[in-house]
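Contents: one structure, followed by commentary.
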Amino acid sequence: MRFQNKVAIVTGGAGGIGETTARLFAEEGASVVIADLSGKGQDVSDALNERGLETCYMRTDVTKEEEVIRMVKQTVQRYGRVDSLFAGAGIASDGPADQVDLDVWERTIEVNLTGVFLCNKHAIKQMLMQGYGGTIVNCGSVHSHVGKARVAAYAASKGGVEMLTKSTAVAYASKGIRVNAVCPGYIHTNLISGLDERIVNVLIGQHPIGRLGTTEEVAKAVLFLASDDASFITGTSLLVDGGYTAV
Ligand SMILES: NC(=O)c1ccc[n+]([C@@H]2O[C@H](COP(=O)([O-])OP(=O)(O)OC[C@H]3O[C@@H](n4cnc5c(N)ncnc54)[C@H](O)[C@@H]3O)[C@@H](O)[C@H]2O)c1
């Protein structure tokens, strides 16, 4: 129960890694705001609340600053504070640079990088006002660290998350706000379930552990970084990748 009496915001909490992270935060005692564009966040919240956990859904588009401001404000109105943010909302995008349309490039950067920036910005403003620190975990990727021919826009957005994380960690370390990134390899979520089996097998072969990851394996790393167990860790990037980047 590392998050008893704590309040966590999880963006992208309606599905995949974010959904599992929201569940684990709630199971460890946090009141959890599930912030997502998708109304499925309400079902996720209802299911957790039926188990006696404390969560709520807030429809939020992380690319819109006024919606992010509202998300933080309503979190404080409802639960009184913000202790942790997991900036998990993200989208996949495909294609080498010469084949990426400008609108795909812009949308990828908007959701995966600008959205993370806006959530960091307004969570930090709230944490500074509270005066007792807080923790932020941003969702990067193995492609924050290594390139791949077909993911130009995605890798650029996730590389940006890495440097945003480090710069933000340095800026607020003295205020007790720790900022880290979790960088998953390929994980079984909706992003993967649409791929054909041959491609999934190629991806599996790129992970020395010999399989793709689970959302639990990523969410546990998020909770570690967000908890006091990681009290001397800030500005780091925790690869949860089955050895993908070790090759
Ligand atoms: N699945 C993987 O293999 C993998 C690997 C590395 C990193 N990641 C990252 O993990 C994070 C979660 O991805 P996932 O695999 O769980 O995917 P997912 O599609 O299951 O979940 C992403 C969630 O983000 C939400 N979202 C998208 N745009 C949004 C917006 N503008 N505002 C608010 N919410 C929005 C979606 O509605 C969805 O619920 C993403 O940042 C992704 O880039 C995933």
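General remarks:
- For region 26-97: span of alpha carbons on each principal axis (Å, largest first): 47, 25, 20
- Here the peptides 85-94, 70-79 are ranked by packing, the mean other Cβ count within 10 Å, and the order with the highest first is 85-94, 70-79.
- Scattering profile of region 132-247 at q = 0.15, 0.20 Å⁻¹ [log10 I(q)/I(0), Debye over alpha-carbon scatterers]: -0.67, -1.07
- Taking other C-beta atoms within 10 angstrom as a stand-in for reagent exposure, 145, 122 fall in the order 145, 122, fewest first.
- Charge context of residue 160, other residues only, Cβ under 15 angstrom, K/R +1, D/E -1: +1
- Take 150-156, 9-15 and order them by the average number of nearby Cβ atoms within 10 Å per residue, most first; the result is 9-15, 150-156.
- Amide H contacts of residue 58 (H built 1.01 Å from N, under 5 Å, at least 5 apart or other chain): 34, 35, 36
- Using every pair of distinct Cα positions in the chain, the Kirkwood expression returns a hydrodynamic radius of 17.9 angstrom.
- Most mobile listed residue (220, 166, 148) in the chain, GNM with C-alpha springs under 10 Å: 148
- A protection proxy built from the mean count of other Cβ atoms within 10 Å ranks the segments 34-45, 187-198, most packed first, as 34-45, 187-198.
- Helical runs assigned H by DSSP (4 residues or longer) give the chain a calculated mean residue ellipticity at 222 nm of -13500 deg cm²/dmol, each run adding -39500 (n - 2.57) before division by the residue total.
- P(r) weight above 16 Å for region 170-223, C-alpha pairs, percent: 54 percent
- Out-of-range pairs (alpha-carbon distance over 30 Å; input 6/40; 40/166; 6/148; 64/158): 40/166; 6/148
Values quoted throughout were computed directly from the atomic coordinates according to the rules given, and no laboratory measurement underlies them. These numbers were taken from a predicted model, which means no experiment stands behind them. Note: ideal-geometry Cβ built from the backbone for every residue, glycine included; neighbour counts use all protein chains shown.
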